[in-house]
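Quick notes on the structure that follows.
The values are calculated or read from the model by the stated rules, or taken from the named source; none is laboratory data. None of these values were measured; they are calculated from a predicted model. Here Cβ is always computed from backbone atoms with ideal geometry, including for glycine, and neighbour counts include all displayed protein chains. All accessible areas refer to the heavy atoms of the entire protein, side chains included, with ligands and DNA or RNA removed. Shrake-Rupley method; radii C 1.70, N 1.55, O 1.52, S 1.80 Å.
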Amino acid sequence: MVETQLINLLLSGGIEPCNFRLKINDFPETRVKNLFRDSFPKFTSSLKTNFTNTFIKYFFNNKEISINEFWKFVDHKDFWVQIRRFHDFIYSRDMNYNRILKYFERCLVKRSTKLNLSYLEQRIIEKADENPYSLYKEIAKKLNVSEKTVSTTIQNLRSRGIFLGCVASYYSADSYEFFSFNFNKNLKENSLFIDEFHLFPRFKILYGVLLQKISNSSIYYVQEKQSFLNRNVLNMGVSIKDWKKHSIQKFSDKPINEEEDNKQCFPITSANKNYILKLMRNCELDYRRPEIKQISQDYEISIRTLFRVKSKLKDMGIIQPKIIVDSDELMNLLLITNKELLDLYNKVPYIKTYRVLDNNDNTLWFSFVSIFVSDFHFLYTLVNNKAELFQIINKKSIDLSKHLDTSIMHSKHKVYTK
């Protein structure tokens, strides 16, 4: 039904309100009114009526309908999209009318959240998250755009720190992920790479992969890790405040466990270990286009062999493609806790967590969290008593493999002190 399709486009951001008005007026007002009202089954009858009246008055210029409190929001282009988001992800029947109005005030007038992603960017993130193996032409066909448009949009997203990388199990390749607070000679000589995270307040922590396990009191070895994108939160700008009364959903992704007894391990020899690890690292940074040609030249391995290795690593689950978020448009934090922060998994745009063991086999959780800047004070009050919290202001990646030179990636984040 054309009317239903138009309403769905309006509520998802797929059509501008001015264009919607021109097209929807070709259909009977009563029919459109009922279809719009039926789009929100969770709302109470009175709330449905208020939103529907606002809709009809605005798009059909029905002068018999009086203005209600929602009318002040109608000139915001995102208002109609926010109604759908509010219905699907935020609303519960115990919300009073004042709290509902405050939600729209915050999201539309104060604009305290959102990355201002375009409709197409949101849809591509959605499709890539649903199936990371999708080809550009498959996404283009589903979204009814050209393959070049998809490719260009994905490049733009990558420049904003949203890209398809992967979660890699280095333990399966006979290596060991670690965190440390000290950059000593032993770490440098035995590491494939090291990421230096500069934190605020003044502090530094290192993350990397060791080619062989070493004993050091400052090293925390990774036992388990997982990465999770909340695409609805990222795309829609849902504040943590609006999720606080919702039940905690079970985290759906199976974490990579670095020391399962029955874990599949890739056949490793001294001849292939470095280029396999290098390939895995490159897939973390760009799953679709790792630097295959460069690795081939550096290690004198055929490109065909490298593609076969990548396919085998994927089939064995040693590398798992995931959308990664490392954007300076968000506030990026490191939280160190004694327990897993399960109550955050479904409420923040992006989180990557590591369960680690220290030298005395004590368990800690290192959680790298990306949030909207406006959510910081609320998050701080939420975790202050159970976490050490640092803002990530700079990350420098140093390649320590013997065939390559130094820095391959450098990123900075804004410093937020308010």
remark   = Probe 1.4 Å, all chains present, heavy atoms only: L382 accessible area in Å², nearest 10, is 70
message = Checking the cross-link filter: which aspartates and glutamates have an alpha carbon closer than 18 Å to that of K127, excluding same-chain neighbours under 8 positions apart?
response = E138, E147, D253, D286
inquiry  = Leaving ligands and nucleic acids out of the surface, order S146, S172 by accessible area at 1.4 Å, largest first.
reply    = S146, S172
message = What figure, in Å² to the nearest 10, do you get for the accessible area of S12 with a 1.4 Å probe and non-protein molecules left out?
response = 40
ask   = Just the Cα atoms of the stretch 294-346, one point each, no solvent: what log10 I(q)/I(0) does Debye give at q = 0.18 Å⁻¹?
value = -0.83
request  = Could you please state how large a percent of the accessible area of the stretch 292-358 is carbon and sulfur, counting protein chains only and using a 1.4 Å probe?
outcome  = 46
message = Counting other C-beta atoms within 10 Å, and keeping those with at most 11, which DSSP coil trypsin sites (Lys or Arg not before Pro) do you find in the stretch 189-221?
response = R202
F183 - accessible surface, heavy atoms, 1.4 Å probe, Å² rounded to 10 = 80
request  = Bin all alpha-carbon pair distances of the stretch 191-232 at 5 Å intervals from 0 and give each bin's fraction as a whole percent.
outcome  = 5, 14, 20, 22, 18, 12, 5, 2, 0
query = Counting pairs of Cα atoms in the stretch 274-405, how many percent are more than 26 Å apart?
reply = 41
key: Within the chain, longest stretch clear of exposed GluC sites (Glu not before Pro) (DSSP loop, no more than 10 other Cβ within 10 Å)   = 65-299
request  = Enter the angle in degrees (range 0 to 90, nearest 10) between the Cα long axis of helix 273-285 and the first principal axis of the Cα atoms of the chain, meaning the one along which they spread out most.
outcome  = 20
key: Å² of accessible area per residue within the chain, as computed with a 1.4 Å probe and no ligands counted   = 49
remark   = Counting only protein heavy atoms with a 1.4 Å probe and every protein chain in place, the carbon and sulfur fraction of the accessible surface of the stretch 64-197 in whole percent equals 46
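If DNA, RNA and ligands are ignored and the probe is 1.4 Å, what is the ranking of T4, T269 by accessible area, most exposed first?
Numbers: T4 50, T269 75 Å².
Order by accessible area, largest first: T269, T4.
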ask   = Going out from 0 in 10 Å bins, what whole percent of all Cα-Cα distances in the stretch 23-91 drops into each bin?
value = 19, 57, 24, 1
note = Tilt, helix 29-38 to longest principal axis of the chain (alpha-carbon atoms), in degrees rounded to tens, equals 40
key: Largest to smallest accessible area among M1, M236, M280 [probe 1.4 Å]   = M1, M236, M280
Candidate values [x] 24, 59, 17, 0; [y] 29, 59, 11, 0; [z] 23, 50, 22, 4, 0, label of the one derived for P(r) over Cα pairs in 20 Å bins from 0, in percent = [z]
